[in-house]
Amino acid sequence: MSSEPLPMRPFSASLPMALLLAREATMRRFRPSLAEHGLTEQQWRVLRALASADQPIEVSVLAERTALLAPSVTRIVARLADDGMIRRDAVVGDARRSTLALTTRGRHLVTRIAPQSETTYAEIEAAFGADRLAALLDELDDLTVVLDAVDDAREAS
């Protein structure tokens, strides 16, 4: 094994790893509540995104909002629809497309989980600081916007 330094930043300064580690530390706090309700993390992301939508949305939009691949979203939606949590409606004029929305049952489930979720957020804020958490969320949003703009510029050229 060579002792020459690698031509890259140290592993401890890896942004993808730092984000993954922070995500795992965060999700450890949310998983028990999701498991209590028989939900996977991905199912919760779909339910949460639909609960936040002000109107029914298409699978492609849902996939983008939840950072899930469209085939995964399709499988998750099928399961949640079978369980009566999500409603699929055909788009008028294009039977190949459909919009998704929570059913009353799905909204009730999200409403039941919400207090536990907010308790977890309160614990995170108590440990990390509410202002720091808000700033972190803003910075992560800014990073996403900037990197998406870079990608869009590359695709346009």
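Yes or no: VAL146 part of a helix (DSSP H, G or I) and surrounded by 13 or more Cβ atoms within 10 Å (Cβ to Cβ)?
no
Does region 85-108 contain any residue that is of a type outside the set (Ser, Thr, Tyr), assigned to a helix (DSSP H, G or I), in contact with a helix residue (DSSP H, G or I) (Cβ under 8 Å, 6 or more places away or on another chain) and in contact (Cβ under 8 Å) with a residue 12 or more places away in the chain?
Yes, because at least one residue in region 85-108 is of a type outside the set (Ser, Thr, Tyr), assigned to a helix (DSSP H, G or I), in contact with a helix residue (DSSP H, G or I) (Cβ under 8 Å, 6 or more places away or on another chain) and in contact (Cβ under 8 Å) with a residue 12 or more places away in the chain.
I'd like the full set of residues that are farther than 25 Å from ALA35 by Cβ and surrounded by 14 or more Cβ atoms within 10 Å (Cβ to Cβ), limited to region 88-111.
Once the filter is applied, which keeps residues that are farther than 25 Å from ALA35 by Cβ and surrounded by 14 or more Cβ atoms within 10 Å (Cβ to Cβ), region 88-111 yields ARG88, SER98, THR99, ALA101.
Return yes when SER52 is farther than 23 Å from ILE113 by Cβ and not charged (D, E, K, R) and no when it is not. Give the derivation first.
On the way: farther than 23 Å from ILE113 by Cβ: no; not charged (D, E, K, R): yes.
No; evaluated as a whole, the condition is false for this residue.
Which of (1) within 22 Å of the chain's Cα centre (by Cα); (2) of a type in the set (S, T, N, Q); (3) modelled with pLDDT under 95 does SER157 not meet, given it meets every other one?
(1)
Restricted to region 51-81, and to residues that are over 15 Å from ARG97 (Cα atoms) and aliphatic (A, V, I, L, M), which residue is farthest from the chain's Cα centre (by Cα)?
ALA81
The values are calculated or read from the model by the stated rules, or taken from the named source; none is laboratory data. Given the structure is predicted, the values throughout are model-derived calculations rather than measurements. Quick reminder, even Gly has a Cβ in these numbers, built from the backbone with ideal geometry, and neighbours come from all protein chains shown.
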